[in-house]
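The values are calculated or read from the model by the stated rules, or taken from the named source; none is laboratory data. What you see is a predicted model, and the numbers here were worked out from it, not measured in a lab. Quick reminder, even Gly has a Cβ in these numbers, built from the backbone with ideal geometry, and neighbours come from all protein chains shown. For the accessible areas, the whole protein counts, side chains as well, though only heavy atoms, and no ligand, DNA or RNA atoms are used. Shrake-Rupley method; radii C 1.70, N 1.55, O 1.52, S 1.80 Å.
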Amino acid sequence: MPLKKQPPSLEHLSLSCVPKVVTKVCRNAAEKCSDKFYLQKISSGAAFVEVNKVIESLQNALFTYTAHYFHKEISEQILLALSELLLDRVSHTGSGERSSYLRQSQEERRKLWLKDQIILQFSSMLCHPAVHQFSIPHDLDLSLVKALCAAIPDMSSLSSLDLGPWQCRKHGLLSLASHQDGYSLMFITNLTTLSVTDVSLDFIINISVFCPNLTSLTISKSEVNDEATSYISNLRKLKILQMKDAINISPFGYAELLRKLPELCSLGRCDAFGEVITTLYHKWSLYKRSVGTIPAILALETIDCEGPISDNELSLIADH
C-alpha cells in the first residue's frame, strides 16, 4: 500500500508564511511611502525614518518574539522574499526595460526608483542580534547583494558569513569608500567562519587584522600568492583553510602556513604536498634551517592532493 501523505508540520507552515508577511509589508511600505517621499523630495534611503520604524516592528515579530531555533531559516526566507520582490519589479517593466523607462514620465521614474530604494532598505531587517549565520545565494539581484553587504557592518552578532560566488573585487563588496578592500570586516569581530570570492591582497590583509577568531576560511578565484599566505598565517585559530584555484602558492608558502598554524587540520587542495612536506622536514631543507622551529607533529587530518608523492615523502608524512 502506498504511504499516506504526511500533513505539513506546524513548523513548516509557520516558516512558509514568512515570505508572504515580508512581501506584503514591504510592498505596502513601498507603495505608500514612495508617493509620500516623492512629494517631500526625499531621495536618500538613509532618510526613510518611517520605513525604518516598519522594519523594526517586523524585526521584533520575526526575531525577538520567535525561538532562536528558527532564526537561520527565517533569515533565508527574508532573502527569498526581497529577491522575489525585485524580480517581480523587473518582470513588470518587461524585457525592454530601457524602452519602458523612456515611455514613463519623470514622476513615474522617480517613484519607481524610490520603491526600489525602500525594498533594498528592508535588507537591514537582518541587522538583528539574533542573526548569527548569513549566506548569500548565487541567484539574488546584484542590487540586493550590494545592499546586504552594505548592511553587514551592523550585523554585530554575525559569526558565519558566506558570500558564495559573488565577486568582492568586481562588485566592491565589503569595502567602504576611501578605504582598503574588506574594510567592513572591522565591524564584525565575532566572525569565526568566512567564505569569499575574488578578493585582493588588501582584502586578505584586512581579514588577518580584523578577523583573529576565524577557525574556517575559504578563498575562491583569487590571486593568492606567498605574500598572501604570510598574512593568512597570522590567523592562529584557523582549523580549516580552503584556497580554491590558488595556483600561485609555492611549497614554501604552504610550509609557512603549516608551521605557523598549529591547529590547522584541513588544507583543502594542494597538489604539491609532497614538496611541501619535504620543505618542512627533509634534513637538508634550506627552509627548515632558515626558520629554526618546525612543529614535530602536524595537526593536519585532511588534504586533497592529486600530485605525485615519492616514497621518501610518504615516509615523512607518516612520521609527521
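Full extension of the chain segment joining Leu286 with Asp88 gains 65.1 nm, where the gain is 0.36 nm per residue of separation less the Cα-Cα distance. For Val54, the solvent-accessible surface computed with a 1.4 Å probe is close to 50 Å², ligands and nucleic acids excluded.
How long are the semi-axes of the equivalent ellipsoid of region 124-189, defined as square roots of 5 times the Cα gyration tensor eigenvalues? Whole Å, largest first.
17, 15, 10
The distance separating the Cα centre of region 216-285 from that of region 124-161 comes to 29 Å. Probing with 1.4 Å while keeping every protein chain in the model, the per residue accessible area of the chain equals 53 Å².
Remark: accessible surface ordering of Phe187, Phe134 (largest first) is Phe187, Phe134, probe radius 1.4 Å. If R0 is 25 Å, the Cβ-Cβ spacing of Glu11 and Ser157 corresponds to a FRET efficiency of close to 0.60.
Looking at the chain, what % of its DSSP beta bridges pair antiparallel, to the nearest 5? Counting DSSP beta bridges with both partners in the chain, the antiparallel share is about 0 percent. For Asn60 and Ile297, a Förster radius of 41 Å and the Cβ-Cβ distance give a FRET efficiency of 0.20, rounded to the nearest 0.05. Counted residue by residue at 0.36 nm each, then reduced by the alpha carbon distance between them, the extension gain from Asp226 to Glu108 reaches 37.1 nm. For region 184-237, the spread of Cα coordinates along the three principal axes comes to 26, 19, 17 Å, biggest extent given first. Divide the volume of the convex hull around the Cα atoms of the chain by the residue count and you get 204 Å³ per residue.
Tell me the carbon and sulfur percent of the accessible area for the chain, rounded to whole percent, probe radius 1.4 Å. Carbon plus sulfur share of accessible area: 54 percent.
Which links in Lys24/Lys146; Lys32/Lys170; Lys72/Lys239; Lys20/Lys244; Lys53/Lys111; Lys20/Lys53 stretch past 28 Å when you go from one Cα to the other? Pairs exceeding 28 Å: Lys32/Lys170; Lys20/Lys244. By the compact-protein rule of thumb, 2.2 N^0.38 Å, the alpha-carbon radius of gyration of region 149-293 corresponds to a ratio of 1.07. With a ≥ b ≥ c taken as the square roots of the eigenvalues of the C-alpha gyration tensor of region 159-217, please select rounded if a/c is under 1.5 and otherwise prolate if a/b is larger than b/c or oblate if it is not? Taking the square roots of the gyration eigenvalues as a ≥ b ≥ c, region 159-217 is oblate. With contributions of -39500 (n - 2.57) from each DSSP H run of at least four residues, the per-residue ellipticity at 222 nm computed over the chain stands at -15000 deg cm²/dmol. Averaged over residues, the count of other Cβ atoms within 10 Å places the peptides 294-304, 137-147, 224-234, 117-127 in the sequence 117-127, 224-234, 137-147, 294-304, highest first. Extending 7 Å from Cα along the Cβ direction at Gln167 and again at Asp311 yields two label points whose distance is 4.8 nm. For Cys265 and Ser143, FRET efficiency with R0 = 35 Å and r from the beta-carbon atoms, rounded to 0.05? Once the sixth-power term is evaluated, E becomes 0.35. Working note: Cα atoms of region 211-320, range along each principal axis, descending, whole Å: 35, 28, 24. Measuring only protein heavy atoms, the 1.4 Å probe finds Asp181 accessible over about 50 Å².
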